[in-house]
1. Accessible area per residue for segment 387-452 in Å², computed with a 1.4 Å probe and the full protein assembly in place, what is it?
2. Just in segment 43-134: which GluC sites (Glu not before Pro) are loop by DSSP and have at most 15 other Cβ atoms within 10 Å?
3. Which ³J(HN,Hα) values, rounded to whole Hz and listed in residue order, are derived for segment 327-343 from phi using the Karplus coefficients 6.51, -1.76 and 1.60 in 6.51 cos²θ - 1.76 cosθ + 1.60 with θ = phi - 60°, glycine and proline given as x?
4. What do you get for Rg/Rh of segment 382-452 when both radii come from the Cα atoms and Rh is the Kirkwood radius?
5. Placing +1 at every Lys and Arg Cβ and -1 at every Asp and Glu Cβ, with all other atoms neutral, what dipole size does segment 311-442 have around its Cα centre, in debye to the nearest 20?
6. State the percentage of accessible surface on the chain attributable to carbon and sulfur atoms; use a 1.4 Å probe and exclude ligands, DNA and RNA.
7. Just from the alpha-carbon atoms, what are the Rg and Dmax of segment 311-452 in angstroms?
8. What is the Cα coordinate range of segment 217-306 on the first, second and third principal axes, sorted by size from largest, in whole angstrom?
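The values are calculated or read from the model by the stated rules, or taken from the named source; none is laboratory data. This structure is a prediction, so every number in the text was calculated from the model and none was measured. When we count neighbours, we look across all protein chains shown, and the Cβ atoms used for this are built from the backbone with ideal geometry, even at glycine. Surface accessibility is based on the protein's heavy atoms, side chains included, excluding ligands, DNA and RNA. Shrake-Rupley method; radii C 1.70, N 1.55, O 1.52, S 1.80 Å.
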Amino acid sequence: MRMLMVAPAFLGLLVAPAGAQVLTADEAVRIALERSTQVINAEADVLDARGGLYGAYSGVLPRVTASASRSGFWQEERIGTQVFGGFVIPTDRSDLEQYSTVPGVSGSWSILNLSSLAGLSSARNSLKAARYQQTAARHDVVFATRRQFYEVVRAVRLADVTTGALRLARDDERRVQALFEVGSVSKSDVLTAQVRTAQGELDSLTAHQAVTNQRILLARQLGVRATEMGAVDTVLTLGVGTYDRETLLSEAAKARPDLVATDAAVSAAKAGLRSAQFARLPYVTVAGGVDYKPKSTFKVTTLDTNGVALPEPSVVDGRNESDLEYRASIALNLDLFTGFETESRIAAARARTLRAQEARDALHRNLAAEVDQALLAYGEAVERAKVAQRAVDAATENVKLVQEKYNVGSATILELVDAQVQRQRVLSDQVSALAAIRVAEAQIDRVRGRGL
């Protein structure tokens, strides 16, 4: 493997916190995975899916309720009539007072509800899809963080190059001015040098502003304040890797979490559709309960008999108590009309299924194209870096030759300046190419289903 190392770059255009360590790409990824809004939202989606699974379990598991009730019943001046032997006889006027205490346990269970069983299957697949989507979100954050990190590196390195170019322009302007004063160059040469210096200052300001902007974007990606983020590690190397298209396709088909998530989402949608359709079928429920030592008391105060007031009200009271009381039932239920609720569920489930199938098909359909694009981008970046390195070598050698000619008087100062400026330009191209390689590598890892 051929390695190229670019000179150390300009660091710390923003004031870094005292004692802050240099931020590497791996450290940036670690921070982003802890604080990224996208990762937090994916975790919340998993919690939502888990809540949906618990809700689906409630439709197939029994419900058990423990209760202890205390109730009372009162009637005052209860009167009426009854017919006996063809005669209408008034009933006794009385007051009734009754109390009861019933502790117990009751339960119900839908033992044969196909809709609830299909809903449970849908919820399980939804949770599976959410977990794989969480992994896919983490992979996206890794790629986005590395891409933005190397955008910062690129901006810093280009700012370093423009700073060097500005320094050369100022030195050359001073030399041209000195030569003009002794009559060796014309006024036009002095003006040309001044224009070059002004352009260098403008390029330097623009490059430094780009560093500030890119650092702010990286801080936003990491979920930290820009002022809290230290200087970034700007070392760039060229490492040429070898990738096989078929191997990448195979890895992507097996390891891409977003592909697995879409498959699970389709299964969940189909199970949800079955659940909605099964709601039209009958279902069986069983219920039962037991009351432990229920007891009740009553008190009847009779005020008159057969319409004749008693001199003293007659009071009769009593108490009922048992050790245990049991009850049980089984029912076959059929929802004949639910106000189109079932039809609404079916329509929504079909729409969800269509969307899930299209999302899955689109990902599988575009998988080969994503792999090809990633490989093309990587190959292009590698070739650009190699060409840029050759250009840097040639430009460096050209500066040496022109410098030697200038020293012996066979080259002008303008030729030397042009050679130096050309070298600064190819250094900029090299920096951009090396940063593009790192981004292309991150894209290949994302396409193949690797997070870090």
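1. On the way: 3160 Å² over 66 residues.
Counting only protein heavy atoms, the per-residue value for segment 387-452 is 48 Å².
2. Numbers: sites: 43, 76, 77, 97; in loops: none.
Answer by residue number: there is no such site.
3. 8, 7, 7, 9, 9, 9, 10, 9, 7, 6, 8, 10, x, 6, 5, 5, 4
4. Values: Rg = 17.9 Å, Rh = 13.9 Å.
Value, to two decimals: 1.28.
5. Dipole of segment 311-442, to the nearest 20 debye: 1000 debye.
6. Values: 14170 of 25650 Å².
After summing per-atom areas, the C and S share lands at 55 percent.
7. For segment 311-452, the Cα radius of gyration and maximum Cα-Cα distance read 41.1, 147 Å.
8. 112, 46, 25
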